[in-house]
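Read through the structure below, which is laid out as structure tokens, and then see the notes.
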Amino acid sequence: MPRTIIPYNPRLKELARKLRNDSTIGEILLWKELKGNKVMDMISIAKSLC
């Protein structure tokens, strides 16, 4: 099955930047916990197998 090319949308880049910079307290705490946990190691191993 050939890949479908998604047209470039400059608003998505702005949205992604805004979402990264405007994290909620819950998101910050979640990422802090995940980074200090073995979950991130398992995710990176799974990604490398794909």
Expected single match for open to solvent by less than 100 Å² (accessible area, probe 1.4 Å), at negative phi and at pLDDT 80 or above among T4, T24 is T24
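Return the only residue of N37, N9 being at pLDDT below 75, open to solvent by less than 100 Å² (accessible area, probe 1.4 Å) and over 14 Å from the mean Cα position of the chain (by Cα). Explain how you work it out, then say what you get.
Details: N9 fails: at pLDDT below 75.
Answer to the check: N37.
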Test: K32 is modelled with pLDDT under 85, open to solvent by 90 Å² or more (accessible area, probe 1.4 Å) and not small (G, A, S):
yes
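The values are calculated or read from the model by the stated rules, or taken from the named source; none is laboratory data. All values reported here derive from a predicted model rather than from experimental measurement. All accessible areas refer to the heavy atoms of the entire protein, side chains included, with ligands and DNA or RNA removed. Shrake-Rupley method; radii C 1.70, N 1.55, O 1.52, S 1.80 Å.
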